[in-house]
Amino acid sequence: MRFTELAERFLALEPQLPEGPGKEALSLLHAMLQEVWRQVGAGPREGSGLEELRNLYKKAPKMEAPRVAPGLAVGEKAPDFALPDAEGRLVRLSDFRGRPVVLAFYPLDWSPGCSQQLDLYQAELEEFHRRGAVLLGISVDSLYSHGAWAFVRGLTFPLLSDFHPKGEVARRYQVWREVDGFSERALYVVDGEGIIRYAHVSPYLHHIPPIEELFQALDALRGG
């Protein structure tokens, strides 16, 4: 099973990690996931601890505040960045030159709208691949939160951590909410030359952009 394979890889790499808070945090996360797996067996089932965790967003406080940041405009050069994914690997926008990239900025892991939005993208991931597009989620959460959240929700595309300096990349893309300490819900489609060809900043935090618009923007790149 995939979970067992990942657990074995972690145990093989753990002795090579330097002592410190980072190693302790990873060990704690590994222990948490092992306990969840022990409780639910081969996967989530109705009433299980993992299923309850998956549905926790339904009881979480709502995000309904209006937009405060303008976002970058279509036609602008997309700022490059280097952010770690959930496994600590640095991902750069420039790594994907020659391919369209979808940047999905979202406020926070575990929140209601973000759970629904990224579940939708996971369900339609094949449509992104069919269009040759790379999908990257970005929020201010730590890579440890990203790892746990992706496991619980079954997300397989990269989630990048804009954690430190907090919100630096969101600021470059003009989608930072200073008072709240997280980003707007925003989408950018960046073409193979690094130019923004589609931009959407949700008018309210809970508003999930129509995925049809996103696919139309990607199709327009292919047609153009």
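The values are calculated or read from the model by the stated rules, or taken from the named source; none is laboratory data. Since this is a predicted model, take the numbers as computed values, not measurements. For neighbour counting, all protein chains shown are included, and Cβ atoms are generated from backbone atoms with ideal geometry for every residue, glycine included. Surface areas here come from the heavy atoms of the whole protein model, side chains and all, with no ligands, DNA or RNA. Shrake-Rupley method; radii C 1.70, N 1.55, O 1.52, S 1.80 Å.
Here are a few things to note about the model shown:
- Selection of the stretch 174-206 for residues being in contact with an Asp or Glu (Cβ under 9 Å, 6 or more places away or on another chain), on the phi < 0 side of the Ramachandran plot and in a loop (DSSP other than H, G, I, E, B) yields Val175, Ser202, Leu205, His206.
- Residue in the stretch 141-150 that is open to solvent by less than 10 Å² (accessible area, probe 1.4 Å), outside any loop (DSSP other than H, G, I, E, B), farther than 30 Å from Ala220 by Cβ and in the same structural domain as Pro209 (by the TED database) present: yes
- Restricting the stretch 130-168 to residues that are of a type in the set (Val, Ile, Thr) and within 21 Å of Ala65 (Cα to Cα) leaves a set whose member that is nearest to the chain's Cα centre (by Cα) is Ile138.
- Taken over the stretch 76-126, the criterion of being of a type in the set (Phe, Trp, Tyr) and open to solvent by 40 Å² or more (accessible area, probe 1.4 Å) is satisfied by Phe96, Trp110.
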